[in-house]
Amino acid sequence: MAQFAYSALSSDGHHISGTLSAENRAEAIKALRAQGNKPLILKEASDKKGKSLSFGAKKVKQRDLVVFTRELSTMISAGVSLPRGLDTLATQNEDKIFKDVISSINHDVEGGMPLAEAMAKFPRVFSDVYINMVRAGEVGGILDEILKRLASQVEKDASIRKKIHSAMAYPIVIMTVTIIAFFGIMLVIIPKIGKIFKDLGGPNAQLPVYTRAMLDISSFLISPSIVRNIPVISSIPIIGRLPNVVLFVGLCFVGLIYLKRYIRTEKGAYQFHSVMLRLPVVGNIVTKVAVARFSRTFSSLMGAGVSVLDALEVTGRAVGNKVIQKELTEIAEAVKNGQPLGKQLLGAKFFPPIVGQMMSVGEETGKIDEVLVKVADFYEEEVDAVIDGLASIIEPFMIIILGSVVGLIAASVMGPIASLSKNIGG
């Protein structure tokens, strides 16, 4: 018996999740439906070592996913059967990982499994939104049209992600160079400069405050570890001989690992996303990205015939921010109780009034999907403008920081040397 983790809608419309035992995937789906539940996501659980029993842990490039989606849509539109189309795409795919994924999906489809359920086995390749839209396309008989929408959506998401990464690349490089240069100067150059000060002015030489601070920091970093006197640590001689800089770098590395793990938890992710929304400039970008992603995803789901409540649930998981996801969950609850979606979005904290207004127009005209596409286009253009502006501001700002660090170090060294040399000459 295999273990399967599932996410489903109960007979009364509530979202449920858990695990169940079944001989195979088909039996697991059958068991859920026998209980009156509608399966949304079903995947084989991990083994005790935490290794996925499927291809779920493997990654596929966004470009390859877009090409696959567009080509499969074209084949289905041309009347090619789904198994034959998948077999063709698997054969011509150059990425071995993706080739194996497509082949596995084709095997399941040939065995009678719906395409969406076969794709759900690979959550690292196909997102919840992707799977639910494919499921809606299969139910509505418009899989080719849905795949075209998906390809456009994946391209848009990849474009936004690429712009953000490009904007952050320069400051990360500059910051890395600054940190490396700082430690190099503190560990190699400043100790030698300190010796020169001592030779010129003696041990009681009067030095500026910032120069003494630089010498103290350098002395601390190269001194033996401050934890060497702790009984447990002192029993390991090699640790006692390590300088403080190694201890400092080690603590930072361990701290980053634990921070990353904490952010992956539900509570940690919520707190991290909450902080991101409060940051100047960054919070504005995160909000605009989330609104654009919500508008485009919700539009695609509504166009695919997905119900409003189901679309809100799936879209909430797709916006990429736990705080905004929680707000969408609360909005979904209000809509379930009979409140108009547009009115709820108008009063939402993280959604600009224009989103609620456009949603209300869409509800009145019955064209929510068309209206929200325009909202998505508008906010994606806004994101592009903000990111481009941010990139132009960050570059000189980082240069100023680097120049300030270099200037401070130069002043700390050259000023006292000139003063001591003058005293000696006098």
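Among residues of the range 387-402 that are within 15 Å of residue 175 (Cα to Cα), those with a Cβ under 9 angstrom from a residue that is surrounded by 13 or more Cβ atoms within 10 Å (Cβ to Cβ) and among the charged types (D, E, K, R), sequence gap 6+ or separate chain, pair up as 391/163. Using the structure shown, decide if residue 400 is at pLDDT 80 or above, loosely packed, with under 15 Cβ neighbours inside 10 Å and out of contact with any Cys (no Cβ under 9 Å at 6 or more places or on another chain). Answer is yes for this residue. The selection criterion, being under 22 Å from residue 157 (Cα atoms), loosely packed, with under 14 Cβ neighbours inside 10 Å and of a type in the set (A, V, I, L, M, F, W, C), does not hold for residue 246. Of all residues in the range 343-360, how many are within 22 Å of residue 382 (Cβ to Cβ), of a type outside the set (Ser, Thr, Tyr) and surrounded by 15 or more Cβ atoms within 10 Å (Cβ to Cβ)? Looking only at that region, the number is 11. Only one of the numbered conditions (1) more than 20 Å from residue 207 (Cβ to Cβ); (2) among the hydroxyl-bearing types (Ser, Thr, Tyr); (3) at pLDDT below 75 is not met by residue 419, and that is (1). Within the range 165-194, the set of residues being more than 30 Å from residue 412 (Cβ to Cβ), in contact (Cβ under 8 Å) with a residue 24 or more places away in the chain and surrounded by fewer than 17 Cβ atoms within 10 Å (Cβ to Cβ) comprises just one member, 166. Picking from residues in the range 306-342 that are of a type outside the set (A, V, I, L, M) and under 19 Å from residue 374 (Cα atoms), the one that is surrounded by the fewest Cβ atoms within 10 Å (Cβ to Cβ) is 342.
Condition check ((1) in a helix (DSSP H, G or I); (2) touching a Gly at 6+ places or on another chain (Cβ under 7 Å); (3) more than 18 Å from residue 149 (Cα to Cα)) across all residues:
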| site | (1), (2), (3) |
| --- | --- |
| 314 | yes, no, no |
| 330 | yes, no, yes |
| 338 | no, no, yes |
| 349 | no, no, yes |
| 359 | yes, yes, yes |
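So for the range 383-390 (the condition being modelled with pLDDT of 85 or more, surrounded by 14 or more Cβ atoms within 10 Å (Cβ to Cβ) and not charged (D, E, K, R)), does at least one residue qualify? Taking every residue of the range 383-390 in turn, none turns out to be modelled with pLDDT of 85 or more, surrounded by 14 or more Cβ atoms within 10 Å (Cβ to Cβ) and not charged (D, E, K, R). Taking every residue in the range 234-249 that is under 25 Å from residue 180 (Cα atoms) and pairing it with any residue that is modelled with pLDDT of 65 or more and in a helix (DSSP H, G or I), at least 6 positions away or on another chain, the pairs with Cβ-Cβ distances below 6 Å are 243/222; 244/220; 244/221; 245/221. Screening the range 41-140 for helices (runs of 4 or more DSSP H) wholly inside it with 2 or more residues that are at pLDDT below 85 and not assigned by TED's automatic domain parsing to the domain that holds residue 7 returns the ranges 62-77, 128-140. Against the criterion of being surrounded by fewer than 24 Cβ atoms within 10 Å (Cβ to Cβ) and assigned to a helix (DSSP H, G or I), residue 160 qualifies. Checking the range 294-302 against the condition returns no match, with no residue being among the small types (Gly, Ala, Ser), within 30 Å of residue 8 (Cβ to Cβ) and surrounded by fewer than 16 Cβ atoms within 10 Å (Cβ to Cβ).
The values are calculated or read from the model by the stated rules, or taken from the named source; none is laboratory data. A quick note: this is a predicted structure, and the numbers were derived from the prediction, not measured. Please note: Cβ atoms are built from the backbone with ideal geometry, for glycine as well, and neighbour counts cover all protein chains shown.
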